[in-house]
Amino acid sequence: MKILNFLNGVHPMSPELISHLSKILKSKILKRNDFILRAGEVCRHVYFVDEGLLRSFYLKDGNEVCKWFMKENDVVFAVRSFLKQMPSLESIQALENCSLHYITYSELQDIYIRFQEFNVQRGVLTEKYYILSEERNDILLLPAPIERYKFLLNNYPELISRIQLKHLASFLGVSPRTLNRLKLKARK
């Protein structure tokens, strides 16, 4: 399983931990536009993306606002909802057909207790995703939409080609029409 290779790459795991994870990991296939979480629900699972692309978004004044996009080898969950086991403000939806592996909140808590070594993965992944979260916030602080678009183009070119115009525009805080103009400017 890709997830076991991924976690072992973060920090080597004992055969016992690998065996335990192999037993409890579940698989899920999503079709494009399927949800793994809707606003108002409690996020009870943490997912790993084997294949596919998802988006996280929330509603603001009746409009969808994309927070970020998750692709292969990403860990996916609504952070606040999952960690506090409270209703989520965001939704998570497949933008492509997806293949995921997942475990429940209680299974993850059990792993932390039973396998102290897994706390190394926890720390490394927490740091990685905290830095990515800060980077996403920094993108949105760039004053001009063209600068935000160019940042994505330079740092996440694979996302640009996979994300529908309306979702990318939503993330950048511009209309799809404006995004089309930004794309033309960025080519010059």
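No value in this document is a laboratory result; all are computed from the given coordinates. Please read all numbers here as calculations on a predicted model, not as lab measurements. Here the Cβ positions follow ideal geometry from the backbone for every residue, glycine too, while neighbour counts run over all protein chains shown.
Treating cross-link reach as a plain straight distance, find the lysines whose alpha-carbon is under 29 Å from the alpha-carbon of Lys60, omitting any fewer than eight places away in the same chain.
Once the sequence-local lysines are set aside, what remains near Lys60 is Lys31, Lys71, Lys84, Lys128, Lys150, Lys166, Lys183, Lys185.
Cβ neighbours within 10 Å, averaged per peptide: list 66-78, 174-186 in order, most packed at the top. Could you put the intermediate results ahead of the total?
Working: 66-78: 19.4, 174-186: 14.4.
In decreasing order of mean packing, 66-78, 174-186 become 66-78, 174-186.
Distance from the Cα centre of region 31-91 to that of region 123-188, in angstrom?
Here the two parts' Cα centres lie 18 Å apart.
So what is the relative contact order of region 32-75, in percent, for Cα pairs below 8 Å that sit 6 or more residues apart?
Values: 47 pairs, mean separation 16.6, N = 44.
For region 32-75, the relative contact order is 38 percent.
Which value in deg cm²/dmol, rounded to the nearest 500, describes the helix-derived mean residue ellipticity at 222 nm for the chain, given -39,500 (n - 2.57) per DSSP H run of n ≥ 4 and division by the residue count? Show your work: numbers first, answer last.
Numbers: 9 runs with 96 residues, N = 188.
The helix-only estimate for the chain comes to -15500 deg cm²/dmol at 222 nm.
What are the ³J(HN,Hα) couplings of region 152-166, residue after residue, when phi is run through the Karplus curve with 6.51, -1.76, 1.60 and θ = phi - 60°? Round to Hz, x for glycine and proline.
So the J values, rounded to whole Hz, are 4, 4, 6, 9, 9, x, 5, 6, 3, 7, 9, 9, 4, 3, 5.
Only Cα pairs under 8 Å and at least 6 apart count here; give the relative contact order of the chain as a rounded whole percent.
Details: 275 pairs, mean separation 44.2, N = 188.
Averaging sequence separation for qualifying contacts and normalising by length gives 24 percent for the chain.
Return an integer: the convex hull volume of the alpha-carbon atoms of region 1-115, in Å³ per residue. Present the calculation step by step, with values, prior to reporting the outcome.
Values: hull volume 11.0 nm³, N = 115.
Roughly 96 Å³ of hull volume per residue.
Treat every Asp and Glu Cβ in region 52-188 as -1 and every Lys and Arg Cβ as +1, leave all other atoms uncharged, and give the resulting dipole magnitude about the Cα centre to the nearest 20 debye.
Working: 20 positive and 15 negative charges, 171 e Å.
Dipole magnitude for region 52-188 comes out near 820 debye.
Using Cβ contacts closer than 10 Å as the measure, can you line up Arg136, Arg148 from fewest to most? Walk me through the intermediate numbers first.
Values: Arg136 13, Arg148 20.
By the 10 Å Cβ count, ascending, the order reads Arg136, Arg148.
Tell me which residues come under 5 Å, amide H to amide H, from Asp74 once H is placed; ignore anything under 5 positions away on its chain.
Val49
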